[in-house]
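What follows draws every value from the coordinates through simple rules; no lab data is involved. What you are looking at is a predicted structure, and each value in this text was computed from that prediction instead of being measured. When we count neighbours, we look across all protein chains shown, and the Cβ atoms used for this are built from the backbone with ideal geometry, even at glycine.
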Amino acid sequence: MSLSELPLVEAGTDPASVLGDLLAAGHGDGLPVVPPTAPRLAVMLDGVAAPDEELGLVPPLFGPLTVRSVAWYAVLAGCRPGELPVVVAACRAALQERFNLLGLSTTTGAPAVAVLVHGPVTRRLGMTSGSGGLGTGNRANACIGRAVSMALAGIGGATAGVTDMATIGQPAKYTCCTAEAARPLPSLAQRRGLGVDVDAVTVSGVGSVVETLPGEGYREPPSVLGPAAAAMAGVALASGDPQRAGLGEQFLLLPPEPAELLAVHGWGYERIAEFLFEQGSALLRGSASALAFRAGLPGYATAGLQVAGSAADVHVVVTGGAGVKMLLLPTWPGGSRSVTVPVRALRPG
């Protein structure tokens, strides 16, 4: 996308008219935006090296990704300059082939690009890994996620009803971003080999958002995690073709309270993932067999059904505030793999 296609407006322009004009030109998500003035873009790009270097092509129409184009959308979303490296890193990660942004952007399904931010950068930017991090109330979480969504859609030309064919969509397509807590589990970035306390970002193509609660009176790990395993099985069944779940991933956002309880019982992330995978897969096979029997399809193959590709594809991320309610983010059943990359400085020195 060339700079001429990213219009700048005069300072003092009525925001309502800016919104209408930008939407007509294919920019924005329908919510009010910060008017993109030349001074605002200059501040966002101040000190950035090579802002016009092409970093990749964004599907479905394969517009060129540059730091300048991402910065323009970051202005619209209300980001601050320090947040630009996180937004750029997330956008670049989404271009990796295994993420399948083309599929995510054009399906009739409702996937959204979820952004998980790891490391000290979350504290520097004022992001929260506490209460409501994936909801409302934190400017950095909301704006970073929104900037990623708008940049990928706008630069890539994903237009609702034209190239983005989502039948209904979901609110997470506006913004879906939170920070990972520093304990008690090693961060996802660390588990993926990026090191301890490394600034990093993960993008995941999430098909839905499902709240899950521990079993009533929970005191042991199976009673904490059992409902989450059942939710994984339920999501696989709801996809219409439960065999697809065996090609994907599951993300469980686990609040600190149940995470600490699991740690007290000696359950690390590997044991948690193995339990969720094994229990969820067993529930999936049992439920699929029962449904097939009731539908008069006793020969339906259920033996190989599983809720993810393997236990290693079940990712547990500690985030959230007080309470025990977890959130399941299953990946889009059409086929997408999460990507974790380091956040690189855009300004030399």
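Please compute P(r) over all alpha-carbon pairs of the chain, binned at 20 Å starting from zero, and give each bin as a whole-number percent.
Result, from short to long distances: 31, 54, 14, 0 percent.
With the dipole of segment 208-330 worked out from charges on the C-beta (+1 for Lys and Arg, -1 for Asp and Glu) around the Cα centre, which of 248, 213, 289 lies farthest toward the positive end?
289
Would you mind telling me the antiparallel percentage of the DSSP bridges in segment 208-330, rounded to 5?
Percentage antiparallel, nearest 5: 60.
List the longest stretch of the chain that has no exposed loop site; here a site is one of the GluC sites (Glu not before Pro) assigned by DSSP to anything other than H, G, I, E or B, with at most 15 other Cβ within 10 Å.
Longest gap between qualifying sites, sites excluded: 55-215.
How large is the Rg to Rh ratio of segment 208-330 when both quantities use alpha carbon positions and Rh follows Kirkwood? Each step should come with its number before you reach the end.
Numbers: Rg = 14.5 Å, Rh = 14.5 Å.
That ratio equals 1.00.
Starting at the first residue of segment 154-162, write each ³J(HN,Hα) from the Karplus equation 6.51 cos²θ - 1.76 cosθ + 1.60 with θ = phi - 60°, in whole Hz, x for Gly and Pro.
With the stated coefficients, segment 154-162 comes to x, 5, x, x, 8, 10, 4, x, 10 Hz.
Compute the Cα gyration tensor for segment 1-108, then decide on rounded, prolate or oblate, letting a ≥ b ≥ c be the square roots of its eigenvalues: rounded whenever a/c is under 1.5, prolate when a/b is larger than b/c in the other cases, and oblate in all that remain.
oblate
Quick check on segment 52-185: what are the equivalent-ellipsoid semi-axes from the Cα gyration tensor, as sqrt(5λ), descending, whole Å? The partial results should precede the final answer.
Working: eigenvalues 114, 59, 34 Å².
Taking √(5λ) for each Cα gyration eigenvalue gives 24, 17, 13 Å.
Between 134, 102, 55, find the one with the highest GNM mean-square fluctuation for the chain; connect C-alpha pairs within less than 10 Å.
Of the options given, 55 has the highest mean-square fluctuation.
Taking the Cβ of residue 324 as the center, what net charge do the other residues with Cβ under 12 Å away carry, scoring Lys and Arg +1 and Asp and Glu -1?
-2
Quick one: net charge of residue 152's neighbours, Cβ under 13 Å, K/R +1, D/E -1?
Once all neighbours under 13 Å are counted, the net charge is +1.
Just want to confirm a number: the relative contact order over the chain, from Cα pairs under 8 angstrom separated by 6+ residues, in percent.
21 percent
Given H placed on each backbone N at 1.01 Å, which residues far from residue 248 in sequence or on other chains put an amide H within less than 5 Å of it?
Under 5 Å from the amide H of residue 248: 309.
So what's the net charge close to residue 138: Lys and Arg +1, Asp and Glu -1, counting the other residues with Cβ under 15 Å from its Cβ?
+3
Divide the volume of the convex hull of the Cα atoms of segment 172-222 by its number of residues and quote the answer in cubic angstrom per residue.
139 Å³
Compute the acute angle (0 to 90°) between the alpha-carbon long axis of helix 84-94 and the principal axis of greatest extent of the alpha-carbon atoms of the chain; round to the nearest 10°.
It works out to around 50 degrees.
Would you mind computing Rg(Cα) / (2.2 N^0.38 Å) for segment 193-240, counting N as its residues? Before the final figure, lay out each step's value.
Values: Rg = 15.3 Å, N = 48, 2.2 N^0.38 = 9.6 Å.
Taking the Cα Rg and dividing by 2.2 N^0.38 Å, one obtains 1.59.
What fraction of the DSSP beta bridges in the chain is antiparallel, stated in percent and rounded to the nearest 5?
Beta bridges within the chain, antiparallel portion: roughly 70 percent.
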